[in-house]
Amino acid sequence: MTDEQKGIIENLRKAIFEYNAKLAKESATQAIEKGIDPVEAMNVMTVAIREIGDAFEKGELWLPDLVGASDAMQAASPVLEEEMKRKGLQKESLGTVVAGTVFGDIHSIGKTMVTTLLTAAGFHVEDLGVNVKAEAFIEAIQKHGADLLAMSALMTTTMAEQEKVIEALKREGIRERVKVMVGGAAVTDEFAEDIGADGFEPTAPGAVELAKKLLGRNTEERAKK
Amino acid sequence: MAVKGFVRNMKPLDVLTGEQLEEIHSATLHVLRKTGVRFDSTRALELFEKNGCRVNHDTNRVRFPEGLVEECLRKAPSRFHVRARNPENDMVWGGNTTYFQALSGMRTVDLNTWEPRTPTREEYYDAITVLDGLENVSIVPWYTPWFGFKHIPPVMAMPEGLAARLRNTSKFTCAGYSMGCELFNIQMAQAVGAELRTMMAASPPLTFYEETIDAAFRIVEAGFVLLPTSGSVYGGTAPATIAGSLVSGNAEIMAGLVFAQLVRPGTRVIAQDFSFPQNMRTGAPAFGSMEISLHQAAFNQIWHGYGIPTDGGVCYPNSKKIDYQAGYEKAIIATIGALSGTNTIWIQGALYGELAFHPVQAVIDDDIAGMLGRFLQGIEVNDETLAVGVIDEVGPIPGHYLNQPHTRKWWKKEQFIPRASDRLTHPEWLKQGKKDCIAIAKERCEQIRSCHRVSPPLTESQEQDIERIVKEARNFYRKKGLISDIEWENYQKDIASPNYPYG
């Protein structure tokens with residue numbers, strides 16, 4: 001690797017740690033111009049984001065840091081992904097997630113935190129937004145061949161909607177094809193079990209770990225690849 | 001590093017109308033002129049007489065002319081600098097700045113049985129380290145953390161305590177007086193280049209005993225800060241009414257202030273409100289009472305009107321345990337003290353009045369201090385904090401602020417994050433062992449104790465000076481017969497311990 005290439009890789013890393021989306025995107029573009037392997041460039045960002053995640057877990061960093069780093073990564077990712085596609089390289093993904101806040105509930109921030117962190121962790125996420133009806137979830141799961149459905153409901157009055165979606169999955173005969181995780185302030189482990197979800201996590205970083213667990217993905221293994 | 005006080009950016013809470021203020025002021029001057037104050041000191045009586053007071057040498061009663069009182073109030077500075085051992089911890093008293101200081105207790109408590117016991121030397125030194133490590137403690141005052149520790153004779157508690165504080169904290173500290181110990185306290189402070197604040201406590205009603213006056217002469221002549229205080233109990237040593245106890249207490253404090261200005265004009269004085277209602281069942285001060293807050297709020301308003309810094313936020317709880325009662329008693333008194341503009345709030349560490357202290361309690365209280373400090377700082381309003389540009393950029397949903405540089409820049413400035421509060425979600429809380437604030441504070445206390453070290457430590461020559469002065473005090477009191485044979489024997493064993501002075 002030339003000094004120039006090393007400098008670009010370093011900038012990509014720095015962009016994540018400095019939550020600098022502009023620098024991340026510029027560095028990704030330069031990386032491709034200067035012939036850096038896009039998979040390698042992507043890995044640099046993945047390692048950086050994992051360090052951020054670890055610092056968050058230890059209480060050294062906070063949600064705005066986590067989201068800032070994720071935004072930087074998401075600014076650079078499409079550029080690198082396009083190059084991978086062009087070169088016929090397999091785009092690495094931990095799985096496809098369909099996510100949204102259920103019908104009747106318009107709380108978006110918790111759901112957005114989860115989708116942001118899932119994307120940063122390497123999942124492909126289809127975020128359907130808020131107030132999402134069961135039919136819309138079903139349609140998106142079928143269209144994108146989703147591995148995981150992530151539903152959010154903040155209020156006790158809308159929690160039950162999560163159960164309706166799971167019932168709809170069963171009716172459509174696709175419940176076995178997709179894992180389901182639920183979240184939101186009012187949700188509990190017990191509730192998740194009662195409605196037949198596969199898992200529940202109270203925090204956004206925890207949701208990423210749960211998603212990996214449900215899909216049998218192990219970060220360490222992926223790093224080795 | 002310690003917080004350098006919190007600046008109040010809002011109007012103080014006033015509980016008295018202008019008319020009420022005037023009435024209390026006139027009544028105070030009337031008591032000073034008509035009833036007078038007893039001073040058991042020939043030297044003080046002569047000083048007062050020379051300066052125009054009417055003195056009765058049979059009753060030791062001093063009657064103060066209004067003009068003299070008002071002149072002395074003008075001479076006392078309304079804002080002043082005070083030197084700590086580490087210049088970074090120097091303080092500026094007065095104006096809108098509020099500092100938090102640790103509270104002391106006679107003994108420690110067992111955190112399982114809540115039974116009190118005398119702390120060891122090691123616990124004493126460690127607790128000072130914890131106070132040094134707590135961000136919101138600006139002052140580690142007299143008797144802190146405890147009145148003494150195992151194996152030291154009672155008469156040596158104050159010199160040993162000050163030596164321990166000078167060794168394990170570089171924050172501003174204070175010293176009490178008893179049995180002439182101020183002679184040694186002054187020397188120790190001078191040896192490390194620090195100033196001291198010492199109280200001049202009236203024995204209410206309207207009396208100052210000789211020992212108090214002698215100590216006050218020494219402190220004022222050394223050029224240190226004097227804190228006249230009343231220490232009255234309304235219904236016992238002061239009238240049962242809050243207005244009446246303000247009048248009698250303020251008359252005592254004003255007499256102390258006049259004394260200080262006559263001994264040394266310009267002496268830095270802080271007026272302290274250390275009064276409580278009487279618990280009419282036990283006869284003890286009713287620590288943690290709501291009336292304390294009314295009294296302190298009025299006190300802060302009156303003395304700030306005089307232009308004298310106040311020490312009007314003494315948060316002694318009545319609870320024997322680190323519990324809900326201790327929390328609400330401390331938080332309410334501290335809050336009203338802060339809102340009414342006191343310059344100092346005593347909060348970290350004490351339980352059950354002055355009778356117990358625990359460093360774990362101090363860790364919890366430090367969060368109350370931080371929360372109030374945050375409140376006092378108020379709301380910053382400018383183009384950047386109004387955030388119109390960011391609001392426009394984010395727009396309606398799906399926009400949000402978590403990913404905004406503005407959020408990263410501002411949230412930590414805007415939010416105070418308590419160190420010992422439980423702020424987890426219910427599932428996380430279950431997973432982490434259902435820790436409450438006491439459990440978290442225990443961990444933090446242990447972490448500070450084991451990792452924090454005072455900066456800077458005493459130099460070798462300062463340490464030698466401190467040790468020499470403590471030794472002189474020991475010999476002085478032994479010669480005076482104030483240390484018995486058995487006390488001396490136990491003390492000598494304690495001093496001979498290989499870890500001395502630490503424990």
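The values are calculated or read from the model by the stated rules, or taken from the named source; none is laboratory data. As the structure is a computational prediction, the values presented were derived from the model and not from experiment. Backbone-built Cβ (ideal geometry, glycine too); neighbour counts: all protein chains shown.
Given the criteria in contact with a Gly (Cβ under 6 Å, 6 or more places away or on another chain), of a type outside the set (Gly, Ala, Ser) and in the same structural domain as B:Leu111 (by TED's automatic domain parsing), does B:Ile345 qualify? Judged against the criteria, B:Ile345 is a match.
Of the set (1) more than 14 Å from chain B (Cβ to nearest Cβ); (2) in contact with a His (Cβ under 7 Å, 6 or more places away or on another chain), all apply to A:Leu149 but (2). Taking the numbered list (1) buried (at least 22 other Cβ atoms within 10 Å of the Cβ); (2) over 19 Å from the mean Cα position of the chain (by Cα); (3) closer than 30 Å to B:Gly5 by Cα in turn, B:Arg218 passes all entries but (1). Does B:Glu467 satisfy the condition of being more than 30 Å from A:Thr188 (Cβ to Cβ) and either in a helix (DSSP H, G or I) or in contact with a Phe, Trp or Tyr (Cβ under 6 Å, 6 or more places away or on another chain) (or both)? So B:Glu467 passes the test. For the residues A:Ala150, A:Ala121, A:Ala207, the requirement of being within 30 Å of A:Pro78 (Cα to Cα) and at pLDDT 95 or above singles out A:Ala150.
Any chance you could count how many residues in the stretch A:72-105 are within 14 Å of chain B (Cβ to nearest Cβ) and more than 30 Å from A:Glu135 (Cα to Cα)? Counting residues in the stretch A:72-105 that are within 14 Å of chain B (Cβ to nearest Cβ) and more than 30 Å from A:Glu135 (Cα to Cα) gives 3. Pairs linking a residue in the stretch B:44-69 that is aliphatic (A, V, I, L, M) to a residue that is exposed (fewer than 15 other Cβ atoms within 10 Å of the Cβ), with Cβ atoms under 7 Å and 6 or more positions apart or on different chains, are B:Leu45/B:His57; B:Val55/B:Glu49; B:Leu68/B:Gly52. Of A:Gly110, A:Gly68, all but one fail to be part of a helix (DSSP H, G or I), in contact with a helix residue (DSSP H, G or I) (Cβ under 9 Å, 6 or more places away or on another chain), at negative phi and assigned by TED's automatic domain parsing to the domain that holds A:Lys143; the exception is A:Gly110.
When the stretch B:416-427 is filtered for residues that are within 12 Å of chain A (Cβ to nearest Cβ) and touching a residue at least 24 places away in the same chain (Cβ under 8 Å), only B:Arg419 remains. For the stretch A:17-48, the candidate set comprises residues that are more than 25 Å from A:Arg86 (Cα to Cα) and touching a Gly at 6+ places or on another chain (Cβ under 9 Å); within that set, the residue that is nearest to the other protein chains (Cβ to nearest Cβ) is A:Tyr19. Counting only residues that are assigned to a strand (DSSP E or B) and among the aromatic types (Phe, Trp, Tyr), the stretch B:32-57 holds 1 of them. Among the residues of the stretch B:58-76, is any surrounded by fewer than 15 Cβ atoms within 10 Å (Cβ to Cβ) and in a loop (DSSP other than H, G, I, E, B)? Yes, because at least one residue in the stretch B:58-76 is surrounded by fewer than 15 Cβ atoms within 10 Å (Cβ to Cβ) and in a loop (DSSP other than H, G, I, E, B). Every condition in (1) in contact (Cβ under 8 Å) with a residue 40 or more places away in the chain; (2) within 31 Å of the chain's Cα centre (by Cα) is met by B:Asn490 except one, and the failing one is (2).
In the set (1) within 14 Å of chain B (Cβ to nearest Cβ); (2) modelled with pLDDT under 95; (3) more than 13 Å from the chain's Cα centre (by Cα), the condition left unmet by A:Val132 is number (2). Taken over the stretch A:157-201, the criterion of being assigned to a helix (DSSP H, G or I) and within 14 Å of another protein chain (Cβ to nearest Cβ) is satisfied by A:Asp189, A:Glu190, A:Phe191, A:Ala192, A:Glu193. Across the stretch A:138-156, the number of residues qualifying as surrounded by 15 or more Cβ atoms within 10 Å (Cβ to Cβ) and either part of a helix (DSSP H, G or I) or aromatic (Phe, Trp, Tyr) (or both) comes to 3. All of B:Ile368, B:Ile440 fail the test of being within 14 Å of another protein chain (Cβ to nearest Cβ), buried (at least 18 other Cβ atoms within 10 Å of the Cβ) and either over 30 Å from A:Ile106 (Cα atoms) or acidic (Asp, Glu) (or both), apart from B:Ile440. If you filter the stretch B:382-414 down to residues that are outside any helix (DSSP H, G or I) and touching a residue at least 12 places away in the same chain (Cβ under 8 Å), you find that the one that is farthest from A:Phe200 (Cα to Cα) is B:Ala387. Candidates B:Gly341, B:Gly378: the one that is surrounded by 24 or more Cβ atoms within 10 Å (Cβ to Cβ), farther than 21 Å from B:Ala420 by Cα and of a type outside the set (Phe, Trp, Tyr) is B:Gly341.
Only a single item in (1) assigned to a helix (DSSP H, G or I); (2) under 26 Å from B:Met188 (Cα atoms); (3) not polar (S, T, N, Q) is not met by B:Trp93, and it is number (1). The residues in the stretch A:23-56 that are without any contact (Cβ under 8 Å) to a residue 40 or more places away in the chain and either among the small types (Gly, Ala, Ser) or not in a helix (DSSP H, G or I) (or both) can be counted, and the count is 7.
Listed here are the residues, each with its yes/no results for (1) more than 23 Å from B:Arg43 (Cα to Cα); (2) among the β-branched types (Val, Ile, Thr); (3) at pLDDT below 95.
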position	(1), (2), (3)
B:Val263	no, yes, no
B:Thr267	no, yes, no
B:Met290	yes, no, no
B:Gly312	yes, no, yes
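Restricting the search to the stretch A:81-107, which residues are of a type outside the set (Gly, Ala, Ser) and either assigned to a strand (DSSP E or B) or crowded, with 24+ Cβ neighbours inside 10 Å (or both)? Of everything in the stretch A:81-107, those that are of a type outside the set (Gly, Ala, Ser) and either assigned to a strand (DSSP E or B) or crowded, with 24+ Cβ neighbours inside 10 Å (or both) turn out to be A:Thr96, A:Val97, A:Val98, A:Thr101, A:Val102.
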